[in-house]
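I have placed the structure first, in the form of structure tokens, so that the comments after it can refer back to it.
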Amino acid sequence: MQKTLITTIFLSLFILSKNLFSQDNKMPSNFADSIPIIYYRNHIYIKGKVDSIHGTFVFDTGASNLYFDTVFYSENKFSYKNIKYGILPGAGTTPPKVIVILDTVNFLFQNNNYKTKIVPVLKLKPVLGDISDGIIGWKYFSNKALEINYEKGYLKIHSNITSVNTSGYKKIFLKQNNNKFFLPLKIIINNTTKVDGEFLLDIGSGEDISFTSSIAEKYNLDKTIKKKVKYFTNYGGVGGKSSSYFFISDTLQITDFILEKVTMSYSIDKSGALSSDKYFGLIGNGILERFDIVIDFKESYLYIKPNDTYNSKFELSRLGFSYVDRHKTIGAWIVTGLYENSFAKINGLKIDDKIISINNIPISQIKYNEQDSFFDDLNNIILKIKRGNSVTEINIKLKKYDSNR
């Protein structure tokens, strides 16, 4: 479970059209030994350069290619000439119209240079914050084995799985379909409801386990889960608005490993990626970060081994709202979503409010690597917010989620 559960996004594989994605990317002949990552609010970021412009890109197994953020694209002097537009389905309910770069784009991180085409330009900063300049998808690592160490903060690319020390790891077959990877999970939600199915391996998601609305309806989760909290956002991925319910399940089983009292959610969207009936849902970094993992893209296997965070307690957010850090571009943290009946919502906080200080501390002084723990020892917070041309303060009590059914 992510430490604050405040960016519930799902960036799935983006398909504009068969014609746009019919070209093959040119893969490099060698790979660097390891790649430093920034693990920020349950997302993996890689620093790199696109056509000599520095940027920070979120790694996403739900995506296959390279993607730019709109602000990153507009504020830098790119000279692409071959530009088209397309419709981009994603996690929200309203697929946006986006720019697609058809020229060759060079992407460099470490000593590896990639050449690719078909690069969509998305509104990523409103969903992930200023840190995100784009997305790097899994196809850059195809035919390789990718080692991910969340605790030590690195990726390591191996030419094949035989060069990885997999002693102590459990091996799980990944079913591949439409450039996505799925693994089997067994979930006991409560005494009356058990779910056994295939879930999307989505390292681009900061969530734990998310059920699609189709599966939620099939298993009648609205009635069988008594204790839950509704969440709604205008930034549920690139597709916009999204709604879901969060709850705590009894157990989650991944191969031989069993996690207890696991935070999960189920979507109530009627359209978008989280309404699909093709799979049960997704598994994100909130679960995966508890393991050292290796993905063998060539043979479609996932290897997992518990790390020191494996037994950490799962907890839902005490804030009652979600936000993204936009202090560099907008000068504020932007409220992106609210939990129903939370003190934040009851006391008047609204989506798109701009938080400029917390307990009289300007948000610019709260470093990105301190945000996860900033609220840990607080029971009340005073938010100074800007809404339109007015500035006001909202007092919010931080309430622990009661998991008793």
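Here, each number is a calculation from the coordinates, and none is a lab measurement. None of the values given here were measured: they were computed from a predicted structure. Virtual Cβ from ideal backbone geometry, glycine too; neighbours counted across all protein chains shown.
So the values come out like this:
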read-out	value
Within a Gaussian network of the chain (alpha carbon springs, distance under 10 Å), most fluctuating of Arg318, Arg387, Arg326	Arg387
Summed residue charge, Cβ within 11 Å of Asp51's Cβ, Lys/Arg positive, Asp/Glu negative	+2
10 Å binning of all Cα-Cα separations within the stretch 277-333, expressed as whole percents from 0 upward	16, 28, 31, 23, 2
Order of Ser214, Ser167 under a 10 Å beta carbon neighbour criterion, fewest first	Ser167, Ser214
For Asp325, Asp51, Asp308, order by how many other beta-carbon atoms lie within 10 Å, fewest first	Asp308, Asp51, Asp325
Within the stretch 1-316, percent of DSSP bridges classed antiparallel, to nearest 5	85 percent
Candidate lysines - alpha carbon under 24 Å from Lys170, same-chain residues fewer than 8 apart omitted	Lys139, Lys144, Lys152, Lys156, Lys180, Lys186, Lys194, Lys261, Lys298, Lys305, Lys313
Convex hull projection area averaged over all views, the chain, Cα basis, nm²	19.0 nm²
D (Stokes-Einstein, µm²/s), Kirkwood Cα radius, the stretch 321-397, 0.692 mPa s at 37 °C	261 µm²/s
The stretch 182-237: C-alpha pair distances exceeding 15 Å, %	58 percent
Dmax and Rg, reported as Rg then Dmax, of the stretch 212-301 (C-alpha, Å)	14.6, 43
In order through the stretch 299-312: 3J(HN,Hα) via Karplus (6.51 cos²θ - 1.76 cosθ + 1.60), integer Hz, x for Gly, Pro	9, 6, 10, 10, 10, 9, 9, x, 9, 5, 9, 3, 8, 4
Within straight-line cross-link reach of Lys47, aspartates and glutamates at Cα separation under 15 Å, skipping those fewer than 8 residues along the same chain	Asp60, Asp69, Asp130, Asp133
Neighbourhood charge, 10 Å Cβ-Cβ cut-off, centred on Ile355 and excluding it, Lys, Arg +1 and Asp, Glu -1	+2
